[in-house]
Amino acid sequence: MVATNSILAKIVTGLPPCCLRIHPNDTSRIYIGTYKLEEKSGIKHGSLDVYRYDAQDSSLALLTSVPTKSAILDIKFNPQDSSQLLSAHSNGQLIIWKVGQDNDEITIVNEVTIDDDESNCITSVFYNPNNSNQVLVTLTSGYSGIHDLISHTTTVLEAQHSLECWTGSFGELGQLQHVVYTGGDDSQLIAHDLRASQPIWTLSRGHNAGIVSILSPSKQWSSTSGNLLWTGSYDDHLRVWDLRCIDETNPRLIEGYIPKKLHEENLNGGVWRLIPSHVANDNRVLSCCMYDGARIINTRGADFSVDRYFKGDHESMCYGGDWSFDGNYVATCSFYDKVVHLWSPDTINE
């Protein structure tokens with residue numbers, strides 16, 4: 001593992017940044033969701049901020065900031081329509097945003113209540129890669145469900161977590177397209193069958209703390225390894241699991257057959273996010289490692305190595321990150337110190 005100090009730009013945000021995405025069609029625009037807890041009142045609020053990166057003078061400039069009455073825990077662009085962005089909120093709501101394609105305007109299209117109990121936070125949101133009108137939502141209540149953005153109905157998945165459900169992922173290849181994975185603070189990994197909203201299996205052993213990130217192979221990333229699943233945990237470990245597919249060219253899960261752990265490594269920080277590169281044939285992954293910065297991970301089937309380590313001024317929880325779609329830079333943010341860094345995934349210390 002080699003440390004990198006190749007910082008391209010840095011800025012301090014107004015409110016603590018919790019999640020971050022780079023515009024798919026314009027690598028100069030960066031979208032940040034913020035989360036602020038007012039200690040005296042207990043009120044949570046936030047904002048969706050848009051920054052512009054100028055590579056010529058290595059600067060980040062705030063273009064617009066829209067306050068939200070609740071805090072933002074996650075944001076995602078619609079993979080089929082980059083004018084739509086979703087944000088997941090601390091009051092059990094999703095907000096659907098319209099993003100300007102040729103300008104920096106962002107406007108609220110709709111606010112959707114997933115849970116009437118405003119104490120339940122939506123911890124993450126994921127578009128179905130095979131149907132962008134469907135999204136997976138996970139909540140601190142331990143529940144997860146599939147929300148339809150057209151009918152605005154939510155189908156709750158039958159198997160739930162006994163503690164906070166932190167993250168999820170859609171299966172994307174072959175017969176895995178009907179599968180959704182969720183991970184929770186109860187250290188359980190659950191595979192759900194979308195055709196029946198029922199569990200296929202529950203992995204109760206193998207993680208020593210809560211599961212906070214899950215990454216499935218896709219057509220764009222690690223497409224030849226459809227039988228594998230990647231998980232990150234509060235216990236600082238990144239793990240690779242064999243889903244026990246009979247035919248790797250047409251992978252499917254077998255009811256009752258629990259995945260086998262193939263590889264694990266301690267990354268020295270809670271593996272909060274796993275973000276694959278957006279560049280074709282680039283099988284690297286960006287990992288946001290909470291209290292120890294970020295990593296660039298080189299994957300080779302079930303094997304992986306940490307090739308780059310970045311700390312910079314991330315002195316607190318590194319929660320958010322993304323790759324630019326041209327692969328020229330990555331952006332990461334840390335929470336309490338309100339720092340956003342843009343840095344090169346390739347340049348290293350000499």
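Here are some notes:
- Taking all pairs of distinct alpha-carbon atoms in the chain, Kirkwood radius in angstrom: 20.1
- Amide H within-cut-off set for G293, under 5 Å, with H built and near neighbours excluded: C318
- Taking amide H positions as modeled 1.01 Å from N, with prolines and chain starts lacking one, the residues under 5 Å from Y329 and 5 or more places away or on another chain are S324.
- Annotation: F126 carries an accessible surface of approximately 40 Å², with a 1.4 Å probe and no ligand, DNA or RNA atoms counted.
- Lysine pairs in segment 5-348 whose alpha-carbon atoms fall under 17 angstrom of each other, counting only those eight or more residues apart or on distinct chains, come to 10.
- Residue-normalised accessible area of the chain, expressed per residue, 1.4 Å probe, Å²: 40
- Taking Cα centre as origin and charging only the Cβ of basic (Lys, Arg, +1) and acidic (Asp, Glu, -1) residues, the dipole magnitude of segment 91-237 rounds to 640 debye.
- What a 1.4 Å probe finds exposed on segment 37-189 is 44% carbon and sulfur by accessible area, rounded to a whole percent.
- Karplus (6.51, -1.76, 1.60) ³J(HN,Hα), θ = phi - 60°, over segment 37-50, in Hz, Gly and Pro reported as x: 9, 7, 5, 6, 8, x, 6, 10, 9, x, 6, 10, 10, 10
- The listed residues R284, R29, once ranked by accessible area (1.4 Å probe) with the largest placed first, stand as R284, R29.
- Based on the reciprocal of the average 1/r between different C-alpha atoms, the Kirkwood radius for segment 1-136 equals 15.8 Å.
The values are calculated or read from the model by the stated rules, or taken from the named source; none is laboratory data. Since we're looking at a predicted model, the values are computed, not measured. Cβ coordinates were reconstructed from backbone atoms using ideal geometry, including for glycine residues, and neighbour counts include every protein chain displayed. Quick note on the areas: whole protein, heavy atoms, side chains included, nothing else; ligands and nucleic acids left out. Shrake-Rupley method; radii C 1.70, N 1.55, O 1.52, S 1.80 Å.
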